[in-house]
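Asks: The structure's right below; bear with me while I get my questions together.
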Amino acid sequence: PFALLCQQLATALEAADLYAETRKREEETTFFYEVATLLASHLDMDRILELITHKTIDLLECDGSTILEYDKDKDILKVLNSHDASADMDNVSLKPGEGIGGKAFKFRCPMWVEDRLADASYKIDSQSGSQFIDKQEMRGILSVPIIIQGETYGVLTVNSSTPRVYTKNEIQILSTMADHA
């Protein structure tokens, strides 16, 4: 009787986990549909970028989201749009390969750090980029490249003010958002 009860409990827990996972996937699908609908209804680039950063924060439950654009002439990544930014972003820039965003840009793949303050390899040389990240109190950071017609246009970055382990699913979601960008 006890073994049967344990087996039934395990089956019920598996069903509950499956239900929760299915519900989460439904929410993600609905979210992407909403984003696509919003993007299709707006032609203003600033508004589209604002929607992407705002919706990314909602979906990934993070503290901030930033889109950086590559400036070929200056060989820097500059902030194009940031949600919940408290810094003057006009002068913020990163070099390709610098910080998580610069690495995602340079290597054309998702990059992340669980806690930038505890990671000795995390370094930003540019003063404006370093000040921006400090002012945002970024700890857990995830960046994915924005690739348009085979060229890396920039990066989409999310951050948390506490250390954070990003899941494979969250990386995929942010990559999908970058595709929308």
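Asks: Out of GLU137, GLU98, GLU114, which single residue is out of contact with any Leu (no Cβ under 7 Å at 6 or more places or on another chain) and closer than 24 Å to GLU50 by Cβ?
Replies: Result of the check over GLU137, GLU98, GLU114: GLU137.
Asks: Something else: When the residues of region 20-62 are filtered to those that are hydrophobic (A, V, I, L, M, F, W, C) and more than 30 Å from ILE133 (Cβ to Cβ), which remaining residue is modelled with the highest pLDDT?
Replies: The qualifying residue modelled with the highest pLDDT is ALA20.
Asks: Any residue in region 74-100 that is within 20 Å of ASP46 (Cα to Cα) and charged (D, E, K, R) sitting within a Cβ distance under 8 Å of a residue that is modelled with pLDDT of 85 or more and open to solvent by 50 Å² or more (accessible area, probe 1.4 Å)? List the pairs, counting only those 6 or more apart or interchain.
Replies: Once the first residue is within 20 Å of ASP46 (Cα to Cα) and charged (D, E, K, R) and sits in region 74-100, its partners that are modelled with pLDDT of 85 or more and open to solvent by 50 Å² or more (accessible area, probe 1.4 Å) give ASP84/ASP63.
Asks: Hey, among the residues in region 69-84 that are under 15 Å from the mean Cα position of the chain (by Cα) and part of a strand (DSSP E or B), which one's farthest from GLY102 (Cα to Cα)?
Replies: HIS83
Asks: Quick test of your reading of the structure: SER65 fulfils all but one of (1) under 24 Å from VAL165 (Cα atoms); (2) modelled with pLDDT of 75 or more; (3) of a type outside the set (Val, Ile, Thr); (4) surrounded by fewer than 19 Cβ atoms within 10 Å (Cβ to Cβ). Name the failing condition by number.
Replies: Status for SER65: all satisfied but (4).
Asks: Has region 75-82 got any residue that is hydroxyl-bearing (Ser, Thr, Tyr) and surrounded by fewer than 16 Cβ atoms within 10 Å (Cβ to Cβ)?
Replies: no
Asks: Taking region 101-139 as the search range and keeping residues that are touching a residue at least 60 places away in the same chain (Cβ under 8 Å) and within 22 Å of LYS168 (Cβ to Cβ), which one is surrounded by the fewest Cβ atoms within 10 Å (Cβ to Cβ)?
Replies: PRO110
Asks: Mind listing whichever residues of region 143-167 are over 14 Å from SER82 (Cβ atoms) and touching an Asp or Glu at 6+ places or on another chain (Cβ under 7 Å)?
Replies: TYR153, SER160, SER161, PRO163, ARG164, VAL165 - these are the residues of region 143-167 that are over 14 Å from SER82 (Cβ atoms) and touching an Asp or Glu at 6+ places or on another chain (Cβ under 7 Å).
The values are calculated or read from the model by the stated rules, or taken from the named source; none is laboratory data. This one's a predicted model, so the numbers in the text were calculated from it and none came from an experiment. Methodologically, a virtual Cβ is constructed for each residue, glycine included, from the backbone with ideal geometry; neighbour enumeration extends over all protein chains shown. Calculation scope for accessible area: heavy atoms of the full protein, side chains included, ligands and nucleic acids excluded. Shrake-Rupley method; radii C 1.70, N 1.55, O 1.52, S 1.80 Å.
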